[in-house]
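A.B. asks: Following this message is one structure expressed as structure tokens.
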Amino acid sequence: MDFTKIFVGGDWRTGRGGLVDSINPADGRVVTRYGTAGVDDVKDAVAAGQRAVADPEWRAMLPHQRARILTRIGDAIEADVDTISVLQTADTGKSRAETRALALSAASTFRYFAAALETMDESLTSPRGRYLTLSLHEPIGVIGAITPWNSPIASDAQKIAPALAAGNAVVLKPAEWTSLVSLHLAGIIAAQGLPKGLLSVLPGPGRIIGEAIVRHPGVGKILFTGGTATGRRIAAAAAEKLMPVSLELGGKSPTIVLPDADIDQAIAGILFGIFSSSGQSCIAGSRLFVARSLYDAFVPRLVERTKALRVGPGTAPDTQVAPLVSTLHRDTVADFVERALADGATLLCGGGRPEGALYDNGAYYLPTILAGVTNDAAICREEVFGPVLVVMPFDDEADLIAQANDSVYGLAAGIWTQNFPRAYALARQLEVGTVWINTYKQFSISTPFGGWKDSGLGREKGRDGIRAHMQQKSVYVGLDPSPLPWA
């Protein structure tokens, strides 16, 4: 497709923001040039969305009819999974196995919300007088969606699908580093019979295009996944408009290994939880707490297994740790590690770029494990968003809970133990939105997801994911034929 065009209100056209290079992080080469939007494109996209939402073709379309469109979109994504996987690997550097899984996840998201829409009912509430009372839900209108670079097509689907299911229009701003797959997705969606104007895809810098979407008076809600600092600015702007927001923000997730854990199972889960996606995941298990009685035996085995992870380009079938999204981000991750070492951390493995011609021009960074710090160290407080794990011992359950919860973040946590009652009791005490027990980084579109504290507001996924994109309305129908007594 012609990536120099952007998708505005159902039409492909030249954006007002100029062209930008898409760089392959595996080798530093230019993949292609793609178009970006300007502020006037935002205005046009919102206006097109408002017209489309008001059009009876969409507004009066019955839920099962909208569900058919969503199902077709899901099927079309799955049919195109190989192209999407190749494109996203070139765009993000991720392994082909991961980008294929992300595409299939996006397909499942559209089909899930189609099914949820088919079976979604309104409520007949209990009356308190001689009247009939109903609780109904209506579309918000135009929804702005701002998605991150670490899993673009899956994040795009998790915002677009429920918003469309609820009867809204969507103006999507993908991340600057990974816009190609979002533009490709726009073409797939448009070909499945979605009425014109209901979707726009506007690549461009967040400080310009994202800001314009958030502050546009015609946008009724913002869906955002990204950094906490940006989330705060969006929330402040939304407060001025009295506009709802859904914010999925940063994390510094604790992973806990209790004395009775299955060590092999725990190590495999910990490695996947922090080093898959090259650590570029908001739910990455980046703080590891190991029972002190197990610590000396556990940590060397963990380090040995980490050193054996295969680092390489996403196109290599055996790659486990692919390059980071850009050399700029790689250097940021390296700076976190260097500062931690300067502050007294001990390097157990990694801590630099891999050697060899294969890696010279790519944004690679070795899987890294640090020790010798306490939970109040900067490396334990700040989100690195890279393949960096900090391991610390704990002495008892009270110590563990205090350390695990001592964070401004509260997105996710993992527990490894063979004692389910103890694991469940711990899960109830952890101040996070998601807890995995004897597994990690597993997701279901049917299960709500979101964070506590500085990790966000609102929830995505689940049957209630459609309702989150609607406004509730109460209707009273009088059944008493006599006039109201006051009058």
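A.B. asks: From Leu324, Leu294, grab the single residue that is without any contact (Cβ under 8 Å) to a residue 40 or more places away in the chain, under 28 Å from Thr434 (Cβ atoms), touching a Pro at 6+ places or on another chain (Cβ under 8 Å) and of a type outside the set (Gly, Ala, Ser).
C.D. replies: Leu294
A.B. asks: Please find, within the stretch 212-232, the residue that is surrounded by the fewest Cβ atoms within 10 Å (Cβ to Cβ) out of those that are assigned to a strand (DSSP E or B) and either in contact with a Leu (Cβ under 7 Å, 6 or more places away or on another chain) or charged (D, E, K, R) (or both).
C.D. replies: Lys221
A.B. asks: Which residues, taken from the stretch 384-425, are buried (at least 16 other Cβ atoms within 10 Å of the Cβ), among the small types (Gly, Ala, Ser) and closer than 27 Å to Thr228 by Cα?
C.D. replies: Hits for the stretch 384-425 are Gly386, Ala404, Ser407, Gly410, Ala412, Ala413, Gly414.
A.B. asks: A follow-up question, please. Modelled with pLDDT of 95 or more, crowded, with 20+ Cβ neighbours inside 10 Å and at negative phi, is that true of Ala26?
C.D. replies: So Ala26 fits the description; yes.
For every residue, the table says whether it meets (1) surrounded by fewer than 21 Cβ atoms within 10 Å (Cβ to Cβ); (2) under 19 Å from Ser407 (Cα atoms).
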{"site": "Ala316", "(1), (2)": "yes, no"}
{"site": "Leu347", "(1), (2)": "yes, no"}
{"site": "Pro354", "(1), (2)": "yes, no"}
{"site": "Asp360", "(1), (2)": "yes, no"}
{"site": "Ala363", "(1), (2)": "no, no"}
{"site": "Asp376", "(1), (2)": "yes, yes"}
{"site": "Glu382", "(1), (2)": "yes, yes"}
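A.B. asks: Just to verify a result, which residue in the stretch 426-435, among those that are touching a residue at least 40 places away in the same chain (Cβ under 8 Å) and within 28 Å of Gly226 (Cβ to Cβ), is farthest from the chain's Cα centre (by Cα)?
C.D. replies: Checking each candidate, the answer is Leu430.
A.B. asks: What is the residue count in the stretch 437-477 for residues that are closer than 22 Å to Glu138 by Cβ, in contact with a Phe, Trp or Tyr (Cβ under 7 Å, 6 or more places away or on another chain) and loosely packed, with under 14 Cβ neighbours inside 10 Å?
C.D. replies: The qualifying residues number 2.
A.B. asks: Out of the residues in the stretch 75-124 that are farther than 30 Å from Glu138 by Cβ and in a loop (DSSP other than H, G, I, E, B), which is nearest to the chain's Cα centre (by Cα)?
C.D. replies: It comes out as Lys94.
A.B. asks: Name the single residue that is farthest from the chain's Cα centre (by Cα) among those in the stretch 318-340 being surrounded by 16 or more Cβ atoms within 10 Å (Cβ to Cβ) and over 24 Å from Gln88 (Cα atoms).
C.D. replies: Of everything passing the filter in the stretch 318-340, Ala340 is farthest from the chain's Cα centre (by Cα).
A.B. asks: Assess whether Ala37 counts as being within 15 Å of Leu164 (Cα to Cα), among the small types (Gly, Ala, Ser) and in contact (Cβ under 8 Å) with a residue 40 or more places away in the chain.
C.D. replies: No.
Matching residues to (1) within 30 Å of Ser326 (Cα to Cα); (2) at pLDDT below 95; (3) not assigned by TED's automatic domain parsing to the domain that holds Leu202:
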residue: Asp11; (1), (2), (3): no, no, no
residue: Gly17; (1), (2), (3): yes, no, no
residue: Asp21; (1), (2), (3): yes, no, no
residue: Val46; (1), (2), (3): no, no, no
residue: Asp55; (1), (2), (3): no, no, no
residue: Ala60; (1), (2), (3): no, yes, no
residue: Leu70; (1), (2), (3): no, no, no
residue: Glu78; (1), (2), (3): yes, no, no
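A.B. asks: In the stretch 174-187, how many residues are touching a residue at least 60 places away in the same chain (Cβ under 8 Å) and closer than 17 Å to Val46 by Cα?
C.D. replies: Number of matching residues: 1.
A.B. asks: Exactly one condition in (1) of a type outside the set (D, E, K, R); (2) outside any loop (DSSP other than H, G, I, E, B); (3) touching a Phe, Trp or Tyr at 6+ places or on another chain (Cβ under 9 Å) is false for Leu302; which is it?
C.D. replies: Exception for Leu302: condition (3).
A.B. asks: For Leu400, which of the numbered conditions (1) touching a residue at least 60 places away in the same chain (Cβ under 8 Å); (2) within 28 Å of Leu223 (Cα to Cα) fails to hold?
C.D. replies: Of everything listed in (1) touching a residue at least 60 places away in the same chain (Cβ under 8 Å); (2) within 28 Å of Leu223 (Cα to Cα), Leu400 misses just condition (2).
A.B. asks: Given the options Gly386, Gly362, Gly356, name the one that is under 25 Å from Gly312 (Cα atoms) and in contact with a strand residue (DSSP E or B) (Cβ under 9 Å, 6 or more places away or on another chain).
C.D. replies: The match here is Gly386.
A.B. asks: So in the stretch 342-373, with the set limited to residues that are hydrophobic (A, V, I, L, M, F, W, C) and free of Cβ contacts under 8 Å to residues at least 12 places away in the same chain, which one is nearest to Ser281 (Cα to Cα)?
C.D. replies: Taking the candidates together, the pick is Ala342.
A.B. asks: Keeping to the stretch 248-278, report how many residues are farther than 24 Å from Tyr409 by Cα and buried (at least 22 other Cβ atoms within 10 Å of the Cβ).
C.D. replies: 1
A.B. asks: Considering only residues that are among the small types (Gly, Ala, Ser) and buried (at least 24 other Cβ atoms within 10 Å of the Cβ), look in the stretch 126-153 and name the one that is farthest from Asp80 (Cα to Cα).
C.D. replies: Restricting to residues being among the small types (Gly, Ala, Ser) and buried (at least 24 other Cβ atoms within 10 Å of the Cβ), the top hit is Gly144.
The values are calculated or read from the model by the stated rules, or taken from the named source; none is laboratory data. This one's a predicted model, so the numbers in the text were calculated from it and none came from an experiment. Virtual Cβ from ideal backbone geometry, glycine too; neighbours counted across all protein chains shown.
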